[in-house]
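Bear in mind that the values in this text are calculations on the coordinates, not laboratory data. Nothing here was measured: the structure is a model prediction, and the numbers come from that model. In this analysis, Cβ positions are derived from the backbone assuming ideal geometry, glycine residues included, and neighbour counts consider all displayed protein chains.
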Amino acid sequence: MLEITAFGMLAENAGASIDFYHGVLALERVLRVRDYNNMTLLRIESPRVEIEQTCIEIIDRPNRPYSSNRQRLRLICDLTDTTEALTRAGVEVGENHEFTDINGVSWQLSDRLKRQLDN
């Protein structure tokens, strides 16, 4: 059995977002759910997307309070093919194979072949 976590995303331009997620990132299912004001809720489903979220908050040190939030989606893919598709779409892939998509969401590419060898 393969686990798939569906997630929602608000997009300002639903058409361009659907084209990007389905065409460039090759995600299996990208659905337009509903419009909210000037945004559109998309439902995205793919066995190749992992959701990563880290939240650190230390409040017991009044002289050095600390708070950090990090959210990122990880896409398991062929690094070469996906990097080329992103470059053609005008998206720059940075260090550690990270990029920001057209909706401002942070992603990291993860090598599908390496993950298969590790398992």
Using 7 Å Cα-to-Cβ label points, what is the Glu28/Glu50 separation (nm, one decimal)?
1.7 nm
Label point 7 Å out from Arg72 along Cα-to-Cβ: which residues of the range 81-112 have amide N under 11 Å?
94-100, 106-110
